[in-house]
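Asks: Here's a structure for you.
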Amino acid sequence: MAERAGIGGERAGGGPVPVVLVGAGKVAHAAHLRELRDLPDELHLAAVVEPDPAHIAALHRVGLGTVDRYASVTAAARAGARAALVCTPWWTHRDVVLECLAAGLPVLCEKPVTLDPAEIEELAAAERRTGLPVTAGYMKRHDPVVRLFLDHCRARLDRARRLTVDIHDPNAPHQVAHLLPYDPPPFGPQPPPAREALARALGPAASQAQREAYARGLGGSLIHQVNLVHAVLAGSGRKLAGRLLHADGWAQGAGVSCRWRPDDGLLVDMTHQRLPAHRRYREVLEFTASDGVATLTLPSPYARDEAATLTVQSWDPAGGPAERRVYTAEPGQTGFRRQLLAWARQLRGEPGSRGAAGEALPGLADVRTDTRAVREAALRLA
């Protein structure tokens, strides 16, 4: 009987997939590296591509042992890497992902994969040409409580009235300082390469305020929740792009909010506020239907000792008793961890290697849909 090979060239049901980490900066140290350390039977960090010596030195403090450093993804692939985890700054993703695909490596790329519609199409063409998937780092889709929330919303979409998102985000060094083995980078203006990428993505007529909101409040933070809303609406004929009512920015760009009307019966409202003095990240999604309310509360995406909570309240239209149910997950079962587990199964070609609710892992089709919505909102900002 022939053995079935996985995407990354590993035999289905085989050992851990050797992975190259591209970019060992903040998000890698705050989330992915500790999960890789704790998943040795699934993924093996075989190589790293990172120019900063301090970030390389910090790898030893995570408990991953010795990791070989390479000057390029191509060199890491020649040395045995079979997949790439891309955690470089967002404006570098296009070039890095193209290099990974050219080297024969399927990719899990941190969000936003890109904010430029032209780059999305270029990456999609390379994906088709190589036959290798680009998985988008929408780790919230893999949280078990978020999955319950999505299932709840989908089942009641015919009687939905409103879906809201409210985020209080420190987006400040203290949010991840305790997770990094070096001083976290300060919050500051976008570097020149990012500004150039934003100019290409939004066009020359876009203002600096629109570009800043697109890179951070919309494309950098709310893109996760836009993806969750699209997951709820999938297959219903409803969409966000083209249905934007308004987009507002305030507090010198620290606040941004958007309102969409996917159809006459449903409103979608999203707000993101950067609040550096706040000590805790807070995220609340609420789905209101004609016969109940579901409230999803999420901790910081970097928290391992807290879990999401879903509270569902429903009423009997005939006047029967109300019902209230609360769901949570064990601490440590983070979206980052479950995302890596799903990706490892996909790479090995294992049966059932699917994401939330049996769906394929989020990819460039999701990126395209989400980017259209947030780009439209950015260009609408006054």
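The values are calculated or read from the model by the stated rules, or taken from the named source; none is laboratory data. Note that the structure is predicted; figures quoted are calculated from it, not measured. All accessible areas refer to the heavy atoms of the entire protein, side chains included, with ligands and DNA or RNA removed. Shrake-Rupley method; radii C 1.70, N 1.55, O 1.52, S 1.80 Å.
Asks: Provide, for q = 0.17, 0.19, 0.20, 0.21 Å⁻¹, the log10 of I(q)/I(0) from a solvent-free Debye sum over equal Cα point scatterers in segment 133-285.
Replies: Debye curve over Cα of segment 133-285, log10 I(q)/I(0) at q = 0.17, 0.19, 0.20, 0.21 Å⁻¹: -1.15, -1.34, -1.41, -1.46.
Asks: What value, in deg cm²/dmol to 500, does the helix sum -39500 (n - 2.57) over DSSP H runs of n ≥ 4 give at 222 nm once divided by the residues of the chain?
Replies: Calculated mean residue ellipticity at 222 nm is -8500 deg cm²/dmol.
Asks: Taking only protein heavy atoms and a 1.4 Å probe, what accessible area per residue, in Å², does segment 89-240 have with all protein chains in place?
Replies: On a per-residue basis, 38 Å².
Asks: Additional query: In degrees from 0 to 90, rounded to the nearest 10, what is the angle of the helix 117-130 Cα long axis to the longest principal axis of the chain?
Replies: 50 degrees
Asks: Please list, ordered by chain and number, the residues whose modelled amide H lies under 5 Å from the amide H of Ser72; skip anything fewer than 5 residues away on the same chain.
Replies: Hits under the 5 Å cutoff: none.
Asks: Also, I was wondering about something else. Kindly provide the pair-distance distribution of segment 24-105 built from C-alpha pairs, with 10 Å bins from 0 and whole-percent values in order of increasing distance.
Replies: Pairs per bin, as whole percents: 17, 54, 28, 0.
Asks: For segment 85-126, restrict the atom set to alpha-carbon positions and state the Rg and Dmax in Å.
Replies: Here Rg and the maximum Cα pair distance are 9.2, 24 Å.
Asks: Continuing with this model, one more query. Largest first, how would Ile56, Ile120 line up by accessible area (1.4 Å probe)?
Replies: The ordering from most to least exposed comes out as Ile56, Ile120.
Asks: Looking at the chain as a GNM with Cα springs under 10 Å, which of Ala57, Ala329, Ala254 has the largest mean-square fluctuation?
Replies: Ala57
Asks: Further question: Please give the direction-averaged projected area of the C-alpha convex hull for segment 278-329, in square nanometres with one decimal.
Replies: Mean projected area of the Cα convex hull: 4.4 nm².
Asks: What angle do you read, to the nearest 10 degrees and between 0 and 90, between the alpha-carbon axis of helix 364-380 and the longest principal axis of the chain?
Replies: Computed tilt is about 60 degrees.
Asks: May I pose another question? Non-local amide H neighbours of Thr135 (under 5 Å, H modeled in plane, Pro and chain starts lacking H): which ones?
Replies: Here Val107, Leu108, Cys109 satisfy the definition.
Asks: Could you tell me what a quarter of the Cα convex hull surface of segment 227-382 works out to, in nm² with one decimal place?
Replies: Computed as one quarter of the Cα hull surface, the answer is 12.5 nm².
Asks: Given springs between every Cα pair under 10 Å in a Gaussian network model of the chain, which of Gly188, Gly255, Gly220 has the largest fluctuation?
Replies: Gly188
Asks: Just to compare against my own numbers: the Cα pair-distance distribution for the chain, 10 Å bins, whole % per bin, please.
Replies: Reading upward from the zero bin: 5, 23, 33, 26, 10, 2, 0.
Asks: What share of Cα pairs, in percent, lie more than 20 angstrom apart in segment 240-325?
Replies: Tail of the P(r) past 20 Å holds 55 percent of the pairs.
Asks: Still on this structure, I have one more. Helix 144-155: angle to the longest alpha-carbon principal axis of the chain, degrees 0 to 90, nearest 10?
Replies: Between helix and principal axis, roughly 40 degrees.
Asks: Follow-up question, since we're still on this one. Compute the separation of the alpha-carbon centres of segment 111-155 and segment 290-329 and state it in Å as a whole number.
Replies: Each part reduced to its Cα centre gives a spacing of 25 Å.
Asks: How big is the Kirkwood radius of segment 36-155, worked out from every pair of different alpha carbons and given in Å to one decimal?
Replies: Evaluated on segment 36-155, it is 16.0 Å.
Asks: Follow-up. Using Cα springs under 10 Å in a Gaussian network model of the chain, which residue among Gly23, Gly335, Gly15 shows the largest mean-square fluctuation?
Replies: Of the options given, Gly15 has the highest mean-square fluctuation.
Asks: Once you have all Cα-Cα distances for segment 217-270, histogram them in 10 Å bins from zero and send the whole-percent values.
Replies: Going out from 0 Å in 10 Å bins, segment 217-270 shows 23, 54, 20, 3 percent.
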